[in-house]
Structure formats: structure tokens, C-alpha cells
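Colleague: The structure that follows is given in the form of C-alpha cells.
The values are calculated or read from the model by the stated rules, or taken from the named source; none is laboratory data. Computed from a predicted structure; not experimentally measured. Ideal geometry is used to build each Cβ from the backbone, glycine not excepted, and the neighbour counts take in all protein chains shown. Calculation scope for accessible area: heavy atoms of the full protein, side chains included, ligands and nucleic acids excluded. Shrake-Rupley method; radii C 1.70, N 1.55, O 1.52, S 1.80 Å.
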Amino acid sequence: MTSPHPVTLDLDGVTDKAGFMDRVARALALPDWFGRNWDALADVLSDPGLWPEAAAGPGLLIVVTGWRPYAAARPDEWAVAQDVLKEAADRTPALTVELAPGGPTH
């Protein structure tokens, strides 16, 4: 079995939803028309046709790093982000999302 294509979603320095969406768009090389809202994020995560080309066969592994400061600064937004990521992974067998442990806590 082929390992899924890894993509790092580095949230270091992210302080709000707009920054989060920008990082997702950059990490996944999403099209300019990506709506940068929670529903749009759920849609693109659930559509393998919008993933990086290298993930087409083996699937996609999103490793979220540097998330602790964002989670501390915006706990409600972070809770929504986690829900969207989890639901997309639950709904899409080729998608795996992992939160990297540790990292800065400031």
C-alpha cells in the first residue's frame, strides 16, 4: 500500500481565521476561487480533485504544526477548525489529518 502524500499545514504565527484560511490555501495550493470560509474548507477537503496532484492516488495526509498559539488565542475558531478537519477526514477515506504534538505554547 502506498503512503498518503504528506502536506504540512504550518500555523505558526496564525492569529485569526483569515490567517488560518490563507495557510490552508497555500499548503494545499487551492485555486484562487477558494471561499476562505468553513463551508468552503469542508468542501475542498472532501474533494480529492482539488488536492495536490501528488495526492491523487495515495491519498492526502495533512500534518498540522504550530497550532497551539492559534488554539490559545482563538479557542472558538480553533474548535470549529478542528471539527471541519475531523468531519472531512471522517467523510473522506483518502484524507488523514494529524495534529503535530508539542511546539510552541506562547
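Colleague: Of all the accessible heavy-atom surface of the stretch 16-106, with the other protein chains kept in place and a 1.4 Å probe, what percent is carbon and sulfur? Can you show the working numbers first?
Modeller: Details: 2530 of 4840 Å².
C and S fraction of accessible area: 52 percent.
Colleague: Mind checking the full-extension length gain between TRP33 and VAL80? Use 0.36 nm per residue of separation minus the Cα-Cα distance, one decimal, nm. Could the numbers behind the result be given before it?
Modeller: Values: separation 47, 0.36 × 47 = 16.92 nm, distance 2.16 nm.
Taking 0.36 nm per residue and subtracting the Cα distance, the gain is 14.8 nm.
Colleague: Can you give me the accessible area per residue for the chain, using a 1.4 Å probe, in Å²?
Modeller: Normalised by residue count, the accessible surface of the chain is 55 Å².
Colleague: Quote the accessible area belonging to LEU30 in square angstrom, nearest 10, computed with a 1.4 Å probe and with ligands, DNA and RNA left uncounted.
Modeller: In the full protein context, LEU30 sits at about 20 Å².
Colleague: Would you mind counting up the charge near ARG23? Only other residues with Cβ under 14 Å from its Cβ, with Lys and Arg at +1 and Asp and Glu at -1. Working shown, then result.
Modeller: Details: positive: LYS17, ARG26, ARG36, ARG74; negative: ASP10, ASP12, ASP16, ASP22, GLU77.
Combined, the nearby Lys, Arg, Asp and Glu give -1.
Colleague: Where does the charge balance sit around TRP67 when Lys and Arg score +1, Asp and Glu -1, over other residues with C-beta under 13 Å from its C-beta?
Modeller: Working: positive: ARG23, ARG68, ARG74; negative: ASP10, ASP12, GLU77, GLU98.
Its environment carries a net charge of -1.
Colleague: Next question. Which value, in Å³ per residue, describes the convex hull spanned by the Cα atoms of the chain? Show your work: numbers first, answer last.
Modeller: Details: hull volume 9.5 nm³, N = 106.
Value for the chain: 89 Å³ per residue.
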